[in-house]
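Asks: Structure in structure tokens, see below.
Every number in this text was worked out from the coordinates using simple rules, so none of it is lab data. Computed from a prediction, not measured in an experiment: that's the story for all the values here. Neighbour counts run over all protein chains shown; Cβ positions are idealised from the backbone, glycine included.
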Amino acid sequence: MFYKVELKDFVRVPPIYFSNDVNEAVLKSVKQKFEGFIDPDLGIVVDVTSIKSVGEGVIIPGDGASYYDSIFELIVFRPELQEVVGGRIKDITDFGAFLSMGPIEGMIHVSQTMDDFVSFSKEKSLSGRDSKRSLKVGDICRARIIAVSYKEITNPKIGLTMRQQGLGKPEWNLEQESKPEKLKEEKPEKKGKGK
């Protein structure tokens, strides 16, 4: 899910930005430091939206830069378990598909792509044997987050599923809606013989 987060930090502004307005120089430095930053608690920083306040500058002896106590706003993407996300299929391999969710990709294991026996073709597509559904690069899909791992901070792993109702390609959901609902056939109860 996307969040707007307010942070406070001492921002280092290098001498290259000294000719700019202080707010502009701080904004450039914050963007350089935080855009693309990944943290398990904060999430994935997508953008720095604004600088709320900038304090007095401080120069540390031996460092040519100045430091400003600043408050700024970020837009972050924080993947949450059970969240439904949309995206585009970026790549398909024999073990699954990769869904681009904006700032990050998630992996859908081949067993989680659809409720069917799935086969991989060399044209980079997955096909369901009985349902005749197919998944190829460029398809827009909806998936649910089932696993999030920050073992490698620079490359978090997100596991996805499309096997639940309402997930997958939009046309798959239209197929479900157009199928008539089967009523349960009740079997007559067997009555035991009395003693």
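Asks: What ranking of Ser29, Ser53 emerges when the number of other C-beta atoms within 10 Å of each C-beta is taken as an exposure proxy, fewest first?
Replies: Ranked by crowding around the Cβ, least crowded first: Ser53, Ser29.
Asks: I need Thr113, Thr154, Thr49, Thr161 ordered by Cβ neighbour count within 10 Å, fewest first.
Replies: Thr154, Thr49, Thr161, Thr113
Asks: Looking at the chain only, what percent of DSSP beta bridges run antiparallel? Nearest 5 please.
Replies: 95 percent
Asks: Can you compute the modelled spin-label distance between Val148 and Ser50, with each label point 7 Å from Cα toward Cβ, in nm?
Replies: Output for this residue pair reads 2.6 nm.
Asks: Just the number, please: percent antiparallel of the DSSP beta bridges in the range 84-178, rounded to the nearest 5.
Replies: For the range 84-178, the DSSP antiparallel bridge percentage is about 95.
Asks: Per-residue HN-Hα couplings for the range 67-73, Karplus 6.51 cos²θ - 1.76 cosθ + 1.60 at θ = phi - 60°, whole Hz, x for Gly and Pro?
Replies: 10, 10, 6, 10, 10, 9, 10
Asks: Of the listed values (1) 43; (2) 25; (3) 53, identify the label whose number matches percent of Cα pairs over 26 Å apart calculated from this model.
Replies: Among (1) 43; (2) 25; (3) 53, the one derived from this structure is (3).
Asks: Taking amide H positions as placed 1.01 Å from N in the peptide plane, with prolines and chain starts having none, which residues 5 or more places from Gly87, or on another chain, fall under 5 Å of its amide H?
Replies: It is Cys141, by chain and number.
Asks: Measure off 7 Å from each Cα along the Cα-to-Cβ vector at Lys4 and Asp69, then give the distance between these two points in nanometres to one decimal.
Replies: That separation, rounded to one decimal, is 2.5 nm.
Asks: Which length gain, in nm to one decimal place, applies between Leu42 and Asn23 when the Cα-Cα distance is subtracted from 0.36 nm times their residue separation?
Replies: 4.5 nm
Asks: Then there's this: Too long at a 21 Å Cα-Cα cut-off: which of Lys4/Lys157; Lys31/Lys52; Lys90/Lys122; Lys4/Lys33?
Replies: In this structure, Lys4/Lys157 lie more than 21 Å apart at Cα.
Asks: Let me check I've understood the local charge: for Pro103, count other residues with C-beta under 12 angstrom from its C-beta, Lys and Arg +1, Asp and Glu -1. What total comes out?
Replies: -2
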